[in-house]
1. Just checking: which of the strands (runs of 3 or more DSSP E) contained wholly in the stretch 28-73 hold 1 or more residues that are over 16 Å from Asp95 (Cα atoms) and free of Cβ contacts under 8 Å to residues at least 12 places away in the same chain?
2. If you scan the stretch 63-83, which residues turn out to be basic (Lys, Arg), over 15 Å from Arg45 (Cα atoms) and touching a strand residue (DSSP E or B) at 6+ places or on another chain (Cβ under 6 Å)?
3. Looking at the stretch 94-124 only, could you name the residues that are surrounded by fewer than 16 Cβ atoms within 10 Å (Cβ to Cβ), aromatic (Phe, Trp, Tyr) and in a strand (DSSP E or B)?
4. What pairs can you find where one residue is in the stretch 111-125 and among the hydrophobic types (A, V, I, L, M, F, W, C) and modelled with pLDDT of 95 or more, the other is surrounded by 12 or more Cβ atoms within 10 Å (Cβ to Cβ) and not in a strand (DSSP E or B), and their Cβ atoms are less than 7 Å apart, with a gap of 6+ or different chains?
5. Starting from the stretch 13-25, keep only residues that are touching a residue at least 60 places away in the same chain (Cβ under 8 Å), then list their pairs with residues that are surrounded by 10 or more Cβ atoms within 10 Å (Cβ to Cβ) whose Cβ atoms are within a distance under 7 Å, requiring at least 6 positions of separation or different chains.
6. Just for the stretch 16-44: of the residues that are among the aliphatic types (A, V, I, L, M) and surrounded by 14 or more Cβ atoms within 10 Å (Cβ to Cβ), which one is farthest from the chain's Cα centre (by Cα)?
Amino acid sequence: MFQDFTGRIRRRFAIQLDGRLDGGALVLSEHFLFDDGATEQRVWRITPIGAGGYSANADDMIGDARGAVRGGVLRWSYLFSLKLGARRMRVRFHDTFVQTAEDTLLNVARVTKFGFELGRSTLIFRRQP
């Protein structure tokens with residue numbers, strides 16, 4: 001779901017995520033289905049850099065995400081070209097990933113513009129057998 005800065009839920013969505021290893025990188029394909037029937041696809045390429053560090057890029061990103069795992073939590077930040085109707089807005093995502101169970105990953109991402117929080121997305125990923 002995506003909540004605006006007041007906490008109001010603005011959009012709900014489901015994601016099907018498929019991953020594969022390609023050389024030293026993890027390639028993740030995200031297929032979004034939004035509550036209004038809209039769909040979206042994003043492909044991530046995630047590469048380890050150094051001890052506990054990661055770099056990632058995706059279709060709508062501006063540059064790369066950079067981050068690291070500390071205390072079992074992955075945090076990274078990146079610029080993103082967010083589609084809003086017929087136009088795009090440049091925003092920054094501040095992602096935090098926490099493994100909450102053997103097969104479950106929680107992702108909370110703050111979305112900011114000029115340092116002000118516009119909202120946050122909350123995703124729960126569950127590995128399918």
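The values are calculated or read from the model by the stated rules, or taken from the named source; none is laboratory data. Please read these numbers as outputs of a predicted model, since none were measured by experiment. With ideal geometry, Cβ positions are generated from the backbone for all residues, glycine too; neighbour counts draw on all protein chains shown.
1. Details: elements: 39-48, 53-58, 61-70.
Because the criterion is at least 1 residues that are over 16 Å from Asp95 (Cα atoms) and free of Cβ contacts under 8 Å to residues at least 12 places away in the same chain, the strands (runs of 3 or more DSSP E) in the stretch 28-73 that meet it are 39-48.
2. Hit for the stretch 63-83 is Arg75, nothing else.
3. Phe116, the sole residue that qualifies.
4. If the second residue must be surrounded by 12 or more Cβ atoms within 10 Å (Cβ to Cβ) and not in a strand (DSSP E or B), the pairs left are Leu118/Phe5.
5. Between residues of the stretch 13-25 that are touching a residue at least 60 places away in the same chain (Cβ under 8 Å) and residues that are surrounded by 10 or more Cβ atoms within 10 Å (Cβ to Cβ), the close pairs are Ile15/Glu30; Ile15/His31; Ile15/Phe32; Ile15/Leu123; Leu17/Leu28; Leu17/Glu30; Leu17/Phe125.
6. Within the stretch 16-44, the subset among the aliphatic types (A, V, I, L, M) is 17, 21, 25-28, 33, 38, 43.
Checking the rest, the ones that are also surrounded by 14 or more Cβ atoms within 10 Å (Cβ to Cβ) come to 17, 25-28, 33.
On the way: Leu17: 11, Ala25: 17, Leu26: 14, Val27: 14, Leu28: 11, Leu33: 15 Å.
Result: Ala25.
To keep it simple, each residue is scored yes or no on (1) under 17 Å from Asn107 (Cα atoms); (2) not hydrophobic (A, V, I, L, M, F, W, C).
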site: Gln3; (1), (2): yes, yes
site: Arg10; (1), (2): no, yes
site: His31; (1), (2): yes, yes
site: Trp44; (1), (2): yes, no
site: Gly71; (1), (2): yes, yes
